[in-house]
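Colleague: Before we start, here is the structure in question, set down as structure tokens.
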Amino acid sequence: MNMDGLSEVLSAVRLSGAVFFDVVAKSPWVAEKPPSAQSVRDVVPGAQHAMEYHVVTSGSCWISLVGDHASDPIRLLEGDIVVMPHGDPHVVSSGPGMRTGPGVAVYPESDQDDAPPFVLKSSGNGTNGTRLICGFFTCDARPFNPLLDSLPRMMRFGREETGSDGLLDQFIRFAVTEMGNKGPGSQTVLNRLSELMFVEVIRLHMNRLGDGNTGWLAGLRDPLVGRSLMLLHRRPAHAWTLEELASEAATSRSALADRFTHLVGCPPIQYLTQWRMQLAARRLADQGTKIAVIAHEVGYESEAAFSRAFKRFVGRSPSQWRAGSI
């Protein structure tokens, strides 16, 4: 049941994956990536938010965040995947501590007149070679994405944790095979595989969470809060009260309010309002659907009441949001 909540959020925030680069590098090499908000304009135009990822398919390399959330270098081995959920600038290199100038030029134009993933080669004079699959997961960050806020700055998973025959490793092997074939529909297959990799990364991250963790994902795996989230997600248009939600979750009002607020960061009914706004924002992208219809779909009796709530939360009226999504 809890994983249904994850699926609903991924659908509502329009998760999409894309594989753009097959990188072959021989030491010494270094690439400094700007914030994905800059580079995504060139590779995924129109995306609200981008999470960059790298998969090591052979060899090894080092990665570290730079800027406001700088981190110590982490070594990546064959079979590892690393994701930067918040699009932080970072450095990938053949050795720890290497730096170069950031910029979108780190993605040079391919000299191949075909579709992505583009093959990029960096030739040093060393003997150690590394091969990477690099791409982006894109999603809506506005007006409400509870998943993003619950993710760390960087997530790394490898075979020592997932096993050589785990789902993540299988997805990586499939992606490597598909990149070698480049048959009809390969890019679509690779994009779907990358989305599956992201879902598996989130699952693995959830397994890492301990009893002391808070956030939306921690709430999702909590028996009481997870059931409450499931009820709100399944019936977002219902006129929920705290009393009814607590009754459905088989607990008291105070116990639900305290537990939900502690884990998720806001009371249940406030969360429902935020979730309704995300659902409405997605529907507003459909220019053919009347705002009054959307208002009813997300639980408002009138277009006026919905418009007031939407503007109060988002800062723009539904019609202004719709105009900006064209």
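Colleague: With the checklist (1) under 30 Å from residue 204 (Cα atoms); (2) in contact with a Ser or Thr (Cβ under 9 Å, 6 or more places away or on another chain); (3) free of Cβ contacts under 8 Å to residues at least 24 places away in the same chain in hand, flag the one item residue 261 doesn't pass.
Modeller: (2)
Colleague: Take the residues in the range 1-46 that are hydroxyl-bearing (Ser, Thr, Tyr) and buried (at least 17 other Cβ atoms within 10 Å of the Cβ), then tell me which one is nearest to residue 226 (Cα to Cα). Reasoning before the result, please.
Modeller: At the first step, the residues of the range 1-46 found to be hydroxyl-bearing (Ser, Thr, Tyr) are 7, 11, 16, 27, 36, 39.
Checking which are buried (at least 17 other Cβ atoms within 10 Å of the Cβ) leaves us with 16, 27, 36, 39.
Values: 16: 25, 27: 47, 36: 31, 39: 36 Å.
So, considering only residues that are hydroxyl-bearing (Ser, Thr, Tyr) and buried (at least 17 other Cβ atoms within 10 Å of the Cβ), the one nearest to residue 226 (Cα to Cα) is 16.
Colleague: Kindly indicate the residue of the range 1-46 that is within 17 Å of the chain's Cα centre (by Cα) and of a type in the set (Val, Ile, Thr) and also modelled with the highest pLDDT among those meeting that condition.
Modeller: 9
Colleague: Among the residues of the range 302-326 satisfying the criterion of being surrounded by 15 or more Cβ atoms within 10 Å (Cβ to Cβ) and aliphatic (A, V, I, L, M), which is nearest to the chain's Cα centre (by Cα)?
Modeller: 314
Colleague: From the list 47, 31, which one is in contact (Cβ under 8 Å) with a residue 40 or more places away in the chain, at negative phi and assigned to a strand (DSSP E or B)?
Modeller: Criteria check complete, one pass: 31.
Colleague: Of the residues in the range 237-247, how many are not aromatic (Phe, Trp, Tyr) and not in a helix (DSSP H, G or I)? Walk me through how you get there before you give the answer.
Modeller: Keep residues of the range 237-247 that are not aromatic (Phe, Trp, Tyr), which gives 237-239, 241-247.
Filter once more, keeping what is not in a helix (DSSP H, G or I): 237-239, 241.
Count: 4.
Colleague: Out of 173, 221, 227, 235, report the one residue that is without any contact (Cβ under 8 Å) to a residue 60 or more places away in the chain and in the same structural domain as residue 283 (by TED's automatic domain parsing).
Modeller: Details: 173 fails: in the same structural domain as residue 283 (by TED's automatic domain parsing); 221 fails: without any contact (Cβ under 8 Å) to a residue 60 or more places away in the chain; 227 fails: without any contact (Cβ under 8 Å) to a residue 60 or more places away in the chain.
Every option except 235 fails the conditions.
Colleague: Of the residues 278, 270, which is out of contact with any Leu (no Cβ under 8 Å at 6 or more places or on another chain), in contact (Cβ under 8 Å) with a residue 12 or more places away in the chain and either among the charged types (D, E, K, R) or surrounded by 13 or more Cβ atoms within 10 Å (Cβ to Cβ) (or both)? Don't jump to the end; show me each part of the working.
Modeller: On the way: 270 fails: in contact (Cβ under 8 Å) with a residue 12 or more places away in the chain.
Unique residue meeting the criteria: 278.
Yes or no, residue by residue, for (1) in contact with a helix residue (DSSP H, G or I) (Cβ under 7 Å, 6 or more places away or on another chain); (2) in the same structural domain as residue 194 (by TED's automatic domain parsing):
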site: 6; (1), (2): yes, no
site: 19; (1), (2): yes, yes
site: 24; (1), (2): no, yes
site: 27; (1), (2): no, yes
site: 34; (1), (2): yes, yes
site: 37; (1), (2): no, yes
site: 43; (1), (2): no, yes
site: 47; (1), (2): yes, yes
site: 53; (1), (2): no, yes
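Colleague: Restricting to the range 286-305, count the residues that are hydrophobic (A, V, I, L, M, F, W, C), within 21 Å of residue 233 (Cβ to Cβ) and out of contact with any Phe, Trp or Tyr (no Cβ under 8 Å at 6 or more places or on another chain). Before the answer, list the steps.
Modeller: The first filter runs over the range 286-305 and keeps only residues hydrophobic (A, V, I, L, M, F, W, C), leaving 291-295, 298, 304-305.
Imposing the further condition that a residue be within 21 Å of residue 233 (Cβ to Cβ) reduces the set to 293-295, 298.
Pick out the ones that are also out of contact with any Phe, Trp or Tyr (no Cβ under 8 Å at 6 or more places or on another chain) and you get 293.
Total satisfying the criteria: 1.
Colleague: Consider residue 299 carefully, then state whether it is over 22 Å from the mean Cα position of the chain (by Cα), at pLDDT below 95 and in the same structural domain as residue 239 (by TED's automatic domain parsing).
Modeller: Numbers: over 22 Å from the mean Cα position of the chain (by Cα): yes; at pLDDT below 95: no; in the same structural domain as residue 239 (by TED's automatic domain parsing): yes.
Spelling it out, it is not the case that residue 299 is over 22 Å from the mean Cα position of the chain (by Cα), at pLDDT below 95 and in the same structural domain as residue 239 (by TED's automatic domain parsing).
Colleague: Return yes or no: is residue 199 under 21 Å from residue 60 (Cβ atoms) and touching a residue at least 60 places away in the same chain (Cβ under 8 Å)? Spell out the reasoning first.
Modeller: Values: under 21 Å from residue 60 (Cβ atoms): no; touching a residue at least 60 places away in the same chain (Cβ under 8 Å): yes.
Spelling it out, it is not the case that residue 199 is under 21 Å from residue 60 (Cβ atoms) and touching a residue at least 60 places away in the same chain (Cβ under 8 Å).
The values are calculated or read from the model by the stated rules, or taken from the named source; none is laboratory data. In this text the structure is predicted, and so the values were computed from the model without any measurement. As a convention, Cβ positions derive from the backbone with ideal geometry for all residues, glycine included, and neighbour counts pool all protein chains shown.
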